[in-house]
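Here's the structure we're looking at; comments come further down.
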Amino acid sequence: MKKIIINGGRQLRGDISVSGMKNAALPIIFACILTEDKCTLENVPDVTDVNLSLKILEDMGAVVIRTGGGTITVDTKKLAGQTSRQDLVSRLRASTYLLGAELGRFGEAKVGFSGGCDFGVRPIDQHIKGFEALGAKAGVESGLNHVVAGPGGLRGGSVYLDIASVGATINVMLAAVKAEGRTTIDNAAREPHIVDLANFLNMCGARITGAGTSFIKITGVEKLHGCSYTIIPDMIEAGTYMVAAAAAGGRVRVKGVIPKHMETVTAKLIEMGAGVDEGDDCLTVSRSSRLSSVNIKTFFYPGFPTDMHPQFAALLAMADGTSIITEGVFDNRFRYADELAKMNADINVAGRTATIIGKKELCGAPVTAVDLRAGAALIIAGLAASGMTEISRIETIERGYDDIVGKLSGIGADIRLIDDGL
Ligand code: EPZ
């Protein structure tokens with residue numbers, strides 16, 4: 001079994017570079033299904049979820065070529081139809097995007113139930129609501145989500161999302177870009193990766209306006225052509241390294257970021273007493289004295305990102321005072337708390353709220369990465385804790401972080417990947 005071993009207590013110093021954003025690359029990879037031309041994608045992170053998505057496309061008949069340095073070409077000219085690899089579909093949440101992409105390409109989609117991090121129920125009722133607004137019929141057949149366009153094909157429609165769901169916004173966009181007529185999405189998600197997907201689709205000839213706002217308009221087009229596109233930097237990976245620097249102390253420049261995407265993370269770190277200096281495409285984080293407690297409420301973008309919740313919980317577990325984190329997006333994103341408690345953190349979870357009483361020091365311990373960002377939180381805690389931390393189930397971390405061990409080693413962390421062969 002692969003494990004991450006960290007000997008804590010060392011300050012971090014130097015430059016660390018951010019890879020392309022996993023949650024932007026995933027919808028863009030599936031969006032390639034919508035055109036029969038070749039697409040070239042740059043700054044694609046080398047993470048498991050991306051590689052699984054590419055394997056699903058190859059199973060469908062796409063030709064994927066990795067030309068190195070994060071550049072891939074995807075040629076979907078000869079797609080044979082829906083994927084048969086439901087075993088891969090069940091391993092990631094982003095496979096839900098196959099519904100919108102297959103519906104947009106073939107007029108029908110049959111996709112198994114997706115997987116991903118376990119935060120309680122993760123329904124797709126808003127996705128279905130969007131497809132039905134385009135005249136499609138949805139149901140479940142033999143364990144597969146089955147969506148089929150109406151007799152005349154998909155036609156534009158209006159949908160109001162009850163929740164500003166990232167996945168639902170993405171899926172409706174994918175289905176609508178070639179639907180007949182105009183589609184509007186009200187209460188749409190505003191995340192940067194929604195804008196990235198819209199930019200990619202518009203580069204392919206789509207007509208999408210309003211991405212990044214709550215109201216997106218799409219005018220259907222006959223056909224999409226291929227394009228070359230560079231994925232935006234990963235704001236959550238960047239935030240994770242910023243919090244790691246604040247936790248371990250020292251001075252770290254996080255490079256290749258879009259500072260505007262990091263505003264809430266930067267604001268909270270400054271509120272806690274860390275130093276954050278902003279450059280054009282970098283943020284330098286420093287910390288010399290003990291940080292102070294703060295309260296955090298996660299919410300849809302531009303609110304504080306839920307995907308930074310566990311990482312800040314680890315940081316607040318060592319802050320001076322009591323902090324409260326209220327989770328505004330998922331039912332249960334607190335599975336990290338039990339693991340941090342093994343490192344002497346004092347975290348009490350009630351409903352959607354965690355009350356964190358800061359300790360002067362955490363202690364290294366054997367812990368388990370129960371989900372992607374919980375795993376990142378354990379790395380952050382291990383970097384600052386006294387003694388050795390051993391993290392198992394690190395495959396969950398490899399789903400969304402490109403070479404996190406190598407990158408942290410490069411700024412002075414005593415961190416390594418082992419395989420004990422068990
Ligand atoms: C995406 O998940 C991300 N995953 C998540 O990142 C991220 O936490 C989340 O957006 C919020 O930003 C990917 O991009 C692959 P939602 P998604 O639909 O699309 C409820 C990570 O760590 N909901 O915005 O599944 C849902 O249950 C991962 O990288 C419905 O009720 O998130 C949740 O409570 C974790 N019905 C809330 O909305 C629906 O039809 C937000 O979900 C859809 C969602």
(request) Might you check whether a residue that is within 27 Å of residue 375 (Cβ to Cβ), touching a Leu at 6+ places or on another chain (Cβ under 6 Å) and modelled with pLDDT under 95 occurs anywhere in the stretch 164-172? (result) no
(message) For the stretch 149-179: of the residues being in contact (Cβ under 8 Å) with a residue 24 or more places away in the chain and surrounded by fewer than 18 Cβ atoms within 10 Å (Cβ to Cβ), which is farthest from the ligand (Cβ to nearest atom)?
(response) 152
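What are the residues in the stretch 9-34 that are open to solvent by less than 10 Å² (accessible area, probe 1.4 Å) and either within 12 Å of the ligand (Cβ to nearest atom) or polar (S, T, N, Q) (or both), if any? Can you show your working first?
Kept after step one, since they are open to solvent by less than 10 Å² (accessible area, probe 1.4 Å), are these residues of the stretch 9-34: 12, 16, 20-21, 24-34.
If the condition is that a residue be open to solvent by less than 10 Å² (accessible area, probe 1.4 Å) and either within 12 Å of the ligand (Cβ to nearest atom) or polar (S, T, N, Q) (or both), then 21, 24, 25, 26, 27, 28, 29, 30 are the ones that fit.
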(request) Could you identify the single residue in 37, 46 that is open to solvent by 20 Å² or more (accessible area, probe 1.4 Å) and farther than 24 Å from residue 305 by Cα? (result) 37
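State all residues of the stretch 373-386 that are surrounded by 24 or more Cβ atoms within 10 Å (Cβ to Cβ) and either within 25 Å of the chain's Cα centre (by Cα) or not in a loop (DSSP other than H, G, I, E, B) (or both); if no residue qualifies, say none.
Residues of the stretch 373-386 surrounded by 24 or more Cβ atoms within 10 Å (Cβ to Cβ): 373-385.
Within the stretch 373-386, 373, 374, 375, 376, 377, 378, 379, 380, 381, 382, 383, 384 meet the criteria.
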(request) Report, ordered by the first and then the second residue, all pairs with beta carbons closer than 7 Å, sequence separation of six or more or different chains, a first member in the stretch 118-129 that is hydrophobic (A, V, I, L, M, F, W, C), and a second member that is more than 7 Å from the ligand (Cβ to nearest atom). (result) 119/332; 119/333; 124/96; 128/138
(message) residue 53 - would you say it is surrounded by fewer than 19 Cβ atoms within 10 Å (Cβ to Cβ), closer than 30 Å to residue 420 by Cα and touching a residue at least 40 places away in the same chain (Cβ under 8 Å)?
(response) no
(request) May I ask you to say which residue of 411, 391, 415, 397 is among the β-branched types (Val, Ile, Thr), touching a residue at least 40 places away in the same chain (Cβ under 8 Å), open to solvent by less than 20 Å² (accessible area, probe 1.4 Å) and in a loop (DSSP other than H, G, I, E, B)? (result) 411
(message) Please count how many residues of the stretch 66-110 are β-branched (Val, Ile, Thr), at pLDDT 90 or above, more than 14 Å from the ligand (Cβ to nearest atom) and open to solvent by less than 40 Å² (accessible area, probe 1.4 Å).
(response) 5
(request) Being assigned to a helix (DSSP H, G or I) and within 12 Å of the ligand (Cβ to nearest atom) is the filter; apply it to the stretch 300-318 and report the residue that is most open to solvent (accessible area, probe 1.4 Å). (result) 307
(request) Pull up the stretch 113-129, narrow it to residues that are modelled with pLDDT of 90 or more and more than 6 Å from the ligand (Cβ to nearest atom), then point me to the one that is surrounded by the fewest Cβ atoms within 10 Å (Cβ to Cβ). (result) 129
(message) I'm trying to understand the selection: among the residues of the stretch 135-148, which are of a type in the set (S, T, N, Q) and either away from the ligand (no atom under 16 Å from the Cβ) or open to solvent by 70 Å² or more (accessible area, probe 1.4 Å) (or both)?
(response) 142
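What do you reckon, is residue 132 within 16 Å of the ligand (Cβ to nearest atom), modelled with pLDDT of 95 or more and in the same structural domain as residue 252 (by TED's automatic domain parsing)? Please lay out each step first, then the result.
Numbers: within 16 Å of the ligand (Cβ to nearest atom): yes; modelled with pLDDT of 95 or more: yes; in the same structural domain as residue 252 (by TED's automatic domain parsing): no.
In short, no.
Just to be sure I understand, how many residues within the stretch 180-191 are within 18 Å of the chain's Cα centre (by Cα) and open to solvent by 10 Å² or more (accessible area, probe 1.4 Å)? Reasoning before the result, please.
Just the residues of the stretch 180-191 that are within 18 Å of the chain's Cα centre (by Cα), to begin with: 188-191.
Subset that is open to solvent by 10 Å² or more (accessible area, probe 1.4 Å): 190-191.
Qualifying residue count for the region: 2.
Of all residues in the stretch 185-243, how many are aliphatic (A, V, I, L, M) and under 23 Å from residue 259 (Cβ atoms)? Spell out how you get there, then give the answer.
Of the residues in the stretch 185-243, the ones aliphatic (A, V, I, L, M) are 185, 188-189, 194-195, 197-198, 201, 203, 206, 208, 211, 216, 218, 221, 224, 231-232, 235-236, 238, 242-243.
Right, trim to under 23 Å from residue 259 (Cβ atoms) and you get 189, 194-195, 197-198, 211, 231-232, 235-236, 238, 242-243.
Total satisfying the criteria: 13.
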(message) Residues to consider are 329, 370; find the one that is open to solvent by less than 50 Å² (accessible area, probe 1.4 Å) and under 21 Å from residue 166 (Cβ atoms).
(response) 329
(message) Going by what's in this entry, would residue 51 be described as over 25 Å from residue 225 (Cβ atoms) and within 16 Å of the ligand (Cβ to nearest atom)?
(response) yes
(request) Look at residue 223 and say whether it is surrounded by fewer than 23 Cβ atoms within 10 Å (Cβ to Cβ), outside any loop (DSSP other than H, G, I, E, B) and of a type in the set (Lys, Arg). (result) no
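Would you check if residue 37 is farther than 30 Å from residue 251 by Cα, at pLDDT 95 or above and more than 22 Å from the chain's Cα centre (by Cα)? Lay out the reasoning, then the answer.
Values: farther than 30 Å from residue 251 by Cα: yes; at pLDDT 95 or above: yes; more than 22 Å from the chain's Cα centre (by Cα): yes.
Taking the combined requirement at face value, the residue satisfies it.
The values are calculated or read from the model by the stated rules, or taken from the named source; none is laboratory data. Not measured: the values here are computed from a predicted model. Positions of Cβ are backbone-derived with ideal geometry, glycine not excepted, and every protein chain shown enters the neighbour counts. Accessible surface areas use protein heavy atoms only, side chains included; no ligands, DNA or RNA. Shrake-Rupley method; radii C 1.70, N 1.55, O 1.52, S 1.80 Å.
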